[in-house]
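The next block holds one structure in the form of structure tokens; read it before the comments.
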Amino acid sequence: MGSKALYTRVAVLEQISYREWTESLGSDREWLIQRVQAELYLALQDIATRHGAFSMPARYDYMLILSSNVGYEELAEILDVAKSHSKVGVRMASSCDLNPLGAEAKAFKLLSKTEVGGLTYTSCPGEEVTAIAHLDLNNITEATAYEGVARSYHRVLSLIGRLAMVADSGGGITQYLGGDNILVILPPLNYISLTERLVVEDDLKAGIGVSRTAREALRLAAKALHDLRVARDRKIIAYSNI
């Protein structure tokens, strides 16, 4: 990819006064909150991936959308879907930076200047790409067989915390996908060096995908992870179509 500046775009979706809505439901509410969150996430993932983006639930009151090369009109469609499924007002801001964490921080700052139902979109000074590491914890199936579901899950949660700290220090964003699968959104220009720091945190392997859209980057990362399971002597494989 040379030394040219490569940027990652991240959109932040906010559900405004979400806590107040949850507290208005009374005490017998958690089942309903979880159902509403799941329905919103499903709807957002459906529309986001149609446009080559990828939705990450984060805290649910704030959701992140990896959206390199997704324009204003497409993000407005995603926002419209959020409006139709959210129980409260929503707004969205989108920005880009040399690393994903920086892009998220810029977008989050823009939210305070965005009206309810609105979308703030800043242009990018360079080429937009997404770099993603799909991390997999080796031998988790065997560990679950003797540790049980709860303890193996606790082990994964502990690992996610450590990975998040490493990713944060390098400008990356961590997202748990369930099972033993973890995503780290990487800075496009030093994705190998950051991934090398991540995989030493445990018995990990990482498939990396780099592409102009998040959905394609995820496809490449999944392919790399599959090939790693065949090539057992390696811990990292990276595929890029940039």
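The values are calculated or read from the model by the stated rules, or taken from the named source; none is laboratory data. Computed from a predicted model, the values in this text were never measured in an experiment. FYI the Cβ positions are ideal-geometry reconstructions off the backbone, even for glycines, and counts take in every protein chain you see. Areas reflect the complete protein model, heavy atoms only, side chains present, ligands, DNA and RNA absent. Shrake-Rupley method; radii C 1.70, N 1.55, O 1.52, S 1.80 Å.
If a residue must be farther than 20 Å from residue 123 by Cα and either in a helix (DSSP H, G or I) or open to solvent by less than 10 Å² (accessible area, probe 1.4 Å) (or both), how many such residues does the range 81-96 contain?
Step one: of the range 81-96, the residues farther than 20 Å from residue 123 by Cα are 81-90.
Retained after the next criterion (residues that are either in a helix (DSSP H, G or I) or open to solvent by less than 10 Å² (accessible area, probe 1.4 Å) (or both)): 81-85, 90.
Going through the range 81-96 one residue at a time, the tally reaches 6.
Report yes if residue 78 is β-branched (Val, Ile, Thr), under 26 Å from residue 6 (Cα atoms) and surrounded by 23 or more Cβ atoms within 10 Å (Cβ to Cβ), otherwise no. Don't jump to the end; show me each part of the working.
Details: β-branched (Val, Ile, Thr): yes; under 26 Å from residue 6 (Cα atoms): yes; surrounded by 23 or more Cβ atoms within 10 Å (Cβ to Cβ): yes.
The answer is yes for residue 78.
Hey, can you tell me all the residues within the range 97-129 that are part of a loop (DSSP other than H, G, I, E, B) and open to solvent by less than 20 Å² (accessible area, probe 1.4 Å)?
Going residue by residue through the range 97-129, those that are part of a loop (DSSP other than H, G, I, E, B) are 98-99, 112-118, 122-126, 129.
Residues satisfying the conditions are 114, 118, 129.
I want to confirm something. Restricting to the range 60-75 and keeping residues that are aliphatic (A, V, I, L, M) and under 19 Å from residue 186 (Cβ atoms), which single residue is surrounded by the fewest Cβ atoms within 10 Å (Cβ to Cβ)?
As a first pass, look at the range 60-75 and keep what is aliphatic (A, V, I, L, M): 63-66, 70, 75.
Next cut, under 19 Å from residue 186 (Cβ atoms) only: 64-66, 70.
Details: 64: 23, 65: 28, 66: 29, 70: 25.
Of everything passing the filter in the range 60-75, 64 is surrounded by the fewest Cβ atoms within 10 Å (Cβ to Cβ).
I want to confirm something. Restricting to the range 14-59 and keeping residues that are under 19 Å from residue 95 (Cα atoms) and among the hydroxyl-bearing types (Ser, Thr, Tyr), which single residue is least open to solvent (accessible area, probe 1.4 Å)?
Going through the qualifying residues, I end up with 55.
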